[in-house]
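Undergrad: Before I ask anything, let me first share the structure, which is written out below as structure tokens.
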Amino acid sequence: MDKKGLAIESAKILTRNDGVSAVTRKIGEVGITDVRLSADAAKSIGRRAGRYITLSGRPDAAGMTALLRRAIMQIIPVRGRLFVAGLGNPDITQDSLGAACVRKLTARKGFRYSLSAIETDVAAKTGLETARLVKAAAREIKADCVIVIDALSCENPCRIGKTVQISDAGIIPGSGISEGGGELSVEQLGCPIAAIGVPTVSSLSAVTNNPTDKEFLVSTANIDTIINVWSEIVSGAINSLVD
């Protein structure tokens, strides 16, 4: 799980003069926010510079899969070998998005893309650092782009299960529960990266307004349903790239 969460929640405190470019529009029931952070802006809010596209709306909103596919295509190369890594712990519902998505993907070769995927699990169970595992596998298959899928945290509990973020800025696996196990970025992988995440937890302090509750995470009662539906949406968007 990525503790950095949603870029739009951090970027809202900045302006264009601070090095932030943001375009917002709505298509049907889905809100789309395209944020670009300069190096200085990203550093000031503890993020990596890059592009963050956020789709806001219910996962069953009309056109969500197609809009997600379009957003992914704005991040990845126009053709090549796609390698998908499903991050997180499949035994913890709130952290199982990556595994759930990978299990619904179909590895195959299409006209513009070929697709392969791996479910990484967590280092505590595999004994393998997630970032190293992904890097080694991507290098072995000579991937032209790595797509990583992980659960996110968010500041606003109302965003749980109602937002998906796509970014080219990379990710630190496991950063939601520890200091992480190494960075996954274009610099480390040697190829473009697209990080896809859906918020599944929020800080308890966002509910209680008590700063001392910040270390505790809360979720929703129907998080299992949320994971199942979003895994269908995300995997559907990725599978359609290879059709």
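Undergrad: Examine segment 143-158 for a residue that is in contact (Cβ under 8 Å) with a residue 60 or more places away in the chain, assigned to a helix (DSSP H, G or I) and open to solvent by 10 Å² or more (accessible area, probe 1.4 Å), and state whether such a residue exists. Outline the logic, then answer.
TA: At the first step, the residues of segment 143-158 found to be in contact (Cβ under 8 Å) with a residue 60 or more places away in the chain are 143-157.
From what is left, the residues that are assigned to a helix (DSSP H, G or I) are 157.
Next cut, open to solvent by 10 Å² or more (accessible area, probe 1.4 Å) only: 157.
Yes.
Undergrad: Go through (1) in a loop (DSSP other than H, G, I, E, B); (2) open to solvent by 50 Å² or more (accessible area, probe 1.4 Å); (3) without any contact (Cβ under 8 Å) to a residue 60 or more places away in the chain for P90 and report which single condition fails.
TA: It fails just one condition, (2).
Undergrad: Residue by residue through segment 23-47, note down the ones that are touching a Ser or Thr at 6+ places or on another chain (Cβ under 7 Å) and open to solvent by 70 Å² or more (accessible area, probe 1.4 Å).
TA: T24, R36
Undergrad: Still on this structure, I have one more. Please pick out the residue among S203, S235, S231 that is surrounded by 16 or more Cβ atoms within 10 Å (Cβ to Cβ) and at pLDDT below 95. Show your work before the answer.
TA: On the way: S235 fails: at pLDDT below 95; S231 fails: at pLDDT below 95.
None of the others qualify; the one that does is S203.
Undergrad: Of all residues in segment 123-140, which are under 16 Å from V84 (Cα atoms) and either hydrophobic (A, V, I, L, M, F, W, C) or buried (at least 18 other Cβ atoms within 10 Å of the Cβ) (or both)?
TA: In the first step, residues of segment 123-140 are kept if they are under 16 Å from V84 (Cα atoms); the result is 130-140.
Residues satisfying the conditions are T130, A131, L133, V134, K135, A136, A137, A138.
Undergrad: Limited to segment 93-122, what total is found for residues that are open to solvent by less than 60 Å² (accessible area, probe 1.4 Å), of a type outside the set (D, E), in contact with a Leu (Cβ under 9 Å, 6 or more places away or on another chain) and not in a loop (DSSP other than H, G, I, E, B)?
TA: The total comes to 11.
Undergrad: Can we say K142 is modelled with pLDDT of 95 or more and more than 20 Å from the chain's Cα centre (by Cα)?
TA: Spelling it out, K142 is indeed modelled with pLDDT of 95 or more and more than 20 Å from the chain's Cα centre (by Cα).
Conditions tested, residue by residue: (1) more than 19 Å from E232 (Cβ to Cβ); (2) touching a residue at least 60 places away in the same chain (Cβ under 8 Å).
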{"residue": "K43", "(1), (2)": "yes, no"}
{"residue": "R48", "(1), (2)": "yes, yes"}
{"residue": "R58", "(1), (2)": "no, yes"}
{"residue": "R70", "(1), (2)": "no, no"}
{"residue": "V78", "(1), (2)": "yes, no"}
{"residue": "G110", "(1), (2)": "yes, yes"}
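Undergrad: Let me ask you something else. Suppose we keep only residues that are polar (S, T, N, Q) and in contact with a helix residue (DSSP H, G or I) (Cβ under 7 Å, 6 or more places away or on another chain) within segment 55-89. Which one would you say is modelled with the highest pLDDT?
TA: T65
Undergrad: While we're here: Being at positive phi and surrounded by 19 or more Cβ atoms within 10 Å (Cβ to Cβ) narrows it down to one residue among G80, G161; which is it? I'd like the intermediate steps shown before the answer.
TA: Details: G80 fails: surrounded by 19 or more Cβ atoms within 10 Å (Cβ to Cβ).
Answer to the check: G161.
The values are calculated or read from the model by the stated rules, or taken from the named source; none is laboratory data. Keep in mind it's a predicted model, so treat the numbers as computed, not measured. Please note: Cβ atoms are built from the backbone with ideal geometry, for glycine as well, and neighbour counts cover all protein chains shown. Just the protein is used for accessible areas: all its heavy atoms, side chains included, with ligands, DNA and RNA removed. Shrake-Rupley method; radii C 1.70, N 1.55, O 1.52, S 1.80 Å.
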